[in-house]
Amino acid sequence: MALSWCLCLAMALFSGPSTISGLAPENEVTLHPTTWLSENRVTPVHLPKGRARRLYFTLKKKADLLSVTVSPCAVPIEWSLAVRTLKDKPPKKAHWGSKKSMPEVWWRGSGREVRIYTYTGNAVDTYTGPAYAPASIYILRLKSNDQDTQVSAYLHEGPGPSGAFPELPSDPRVHTLGVGMTSVTLNWAPSSSIVVKDGHLPHHEYCVLVNHKHNYRSLCAAREGIRKEIQSVQKRQRRDKQSKEIVWATLKDWWWRHPDTLEDRESSTTDKFEDPGCVCRDVESVCTVSDLLPDTQYYFDVFVVDRVNGTSAAYTGTFTRTHEEARPAVTSLREGQVKWVTLSGDASNLQGEQFRFKPRGWQQNGLLTLHTCNGTSKVKVTVSSKGRTLTSQEVGHQLAQIWLHGAPSYLIQLQALAPGSSSSIPKGNFGKSKFCLKIQASSAYHRRAVPVFPSTLQIKSFNKLRTCNSVTLAWMGTEERSLYCVYRRQIPLDSKHILTDRCIDPESRPANERVLCKYFQELNPRRAVTTAVIGELESGVLYVFDVYLMRRWGLPIKYHSKTVRTRSEC
């Protein structure tokens, strides 16, 4: 008979846990090993999805009150507290033939089980109540239906707070003091757990976290979110690489064969990602978060962390949106309008001036003309449409033309450049300088290229043809039929420095300074030379002559001024 009992026992051991569960009584729970909940110690517990975990504990004889605190991590869980009371205290030595764990001994005794508390959610929850009969064992059941997660359990016996978890104030909300373009200032009511005594810092501190997604209910959930972010980045990095898949046996069979591995997994999960990346770690209840992006929504969470016990409590987080960048005003540029623009080189005007031009008609084309008025200044011109840069170039002392095509509207940005530099950063006294230029946009020019400039803007005078009352001038024209106007003005003979303003318009000059206007066209660019005899002059007088190429679809082109003195004797 003894031999038969040994054979049955051997077959049960080789067949696995399913056979033993089938042989066990209905009210018997086989645990390998039994997990006990220690007093005044934070116990981490790993919850596999859809599988309940049980923790057991008993109370001391003199304990009249107990409190159990369960802190979920990232997902909601179900947990309940039950007590099993025996009519008779179980014997110290079990009379069964096989070795049984202590919970199995309680289950085999006579008694009843009472569920005293249940909770479902993802917030930290505490049960506080009186102790039951001395001969009782308490069962804490934990279950996660959504996914694998991590929870912490804590047992405290006797009255009063446990002191293991930091305390929150009556108003646990996080408030926003100020919002800027790249920073946010927060404050909150201080926690009574953070008290500085005799200059010694407490073992509690605040931890402020910031993220783009949502607020967290616990520090563990924040760590879990960081862990998932790291895993997501690593997964993207390994997207093109082949990874090996580990196929596990069923959880019940795996737990049966490796009962100690679960405890190692629990400890590794809690010890990992201890620092979630606090942007503020201090004992002061105020924090300024810097280095943020403009016009971006951020979520802020504040936690009170107990560095000794490894616990924390979460304030009610907040969220806000940073201010957008200050954008310069955009001026509308009308069709054919000549706009005078003054740019300063100081640091406050690095973005320069911006204009918006909308061509008329369905062709969406236009001609942009710019002319700087300072002798050594340069301007950077950037033309964009719908956030895409179409062209960017520097404009010097010569008149510049930019052909606009292919967009319904254009954003024109002008920036002053330091002399001898392609950077818009001020240098030396450049920050105090002022730069003036003219700008015009017109959609009246319908050709698919910019107009042709004369090969040179120099004006030539013929000394042999110079008389007491007349001079002969010559200048280069273009192959297009255009109107040329000549202006003159008299200056003193002792003038050492002749001031010539190349930005002055013909319309702004007195009418008596205009001498003549003529049309000219030559298809051969090498022979595109035209002359004009300027008469009715005074003898021995110094004159300054200016020639303008008049255009109805762009700024007039001013030739370089020419100074000529008429003969005194003829």
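Per-structure values
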{"quantity": "Flag if Ser144 is within 19 Å of Phe300 (Cα to Cα) and in contact with a Leu (Cβ under 7 Å, 6 or more places away or on another chain)", "calculated": "no"}
{"quantity": "Identity of the residue in the range 311-324, farther than 15 Å from Glu205 by Cβ and either in contact with a His (Cβ under 6 Å, 6 or more places away or on another chain) or not charged (D, E, K, R) (or both), that ends up surrounded by the most Cβ atoms within 10 Å (Cβ to Cβ)", "calculated": "Gly317"}
{"quantity": "Gly431 modelled with pLDDT under 70 and within 37 Å of the chain's Cα centre (by Cα)", "calculated": "yes"}
{"quantity": "Subset of the range 284-310 [open to solvent by less than 60 Å² (accessible area, probe 1.4 Å) and among the β-branched types (Val, Ile, Thr)]", "calculated": "Val289, Thr296, Val302, Val304, Val305"}
{"quantity": "Residue in the range 231-243 that is closer than 22 Å to Pro44 by Cβ and at pLDDT 75 or above present", "calculated": "yes"}
{"quantity": "Residues of the range 37-62 satisfying the condition of being open to solvent by 20 Å² or more (accessible area, probe 1.4 Å) and more than 20 Å from Thr311 (Cβ to Cβ)", "calculated": "Lys49, Gly50, Arg51, Ala52, Arg54, Thr58, Leu59, Lys60, Lys61, Lys62"}
{"quantity": "Residue pairs meeting the criteria (Cβ under 6 Å; at least 6 apart or on separate chains; first in contact (Cβ under 8 Å) with a residue 60 or more places away in the chain, in the range 539-555; second among the charged types (D, E, K, R) and open to solvent by 10 Å² or more (accessible area, probe 1.4 Å))", "calculated": "Tyr543/Arg488; Phe545/Arg488; Phe545/Lys562; Tyr548/Lys558"}
{"quantity": "Residue count, the range 136-151 (criterion: buried (at least 19 other Cβ atoms within 10 Å of the Cβ) and either part of a loop (DSSP other than H, G, I, E, B) or within 34 Å of the chain's Cα centre (by Cα) (or both))", "calculated": "3"}
{"quantity": "Only one of Thr467, Thr472 that is at pLDDT 90 or above and surrounded by 16 or more Cβ atoms within 10 Å (Cβ to Cβ)", "calculated": "Thr472"}
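The values are calculated or read from the model by the stated rules, or taken from the named source; none is laboratory data. Here the structure is a predicted model, which is why all the values come from computation and not from measurement. As a convention, Cβ positions derive from the backbone with ideal geometry for all residues, glycine included, and neighbour counts pool all protein chains shown. Remember, those area values only see protein heavy atoms, side chains included, never the ligands or the DNA or RNA. Shrake-Rupley method; radii C 1.70, N 1.55, O 1.52, S 1.80 Å.
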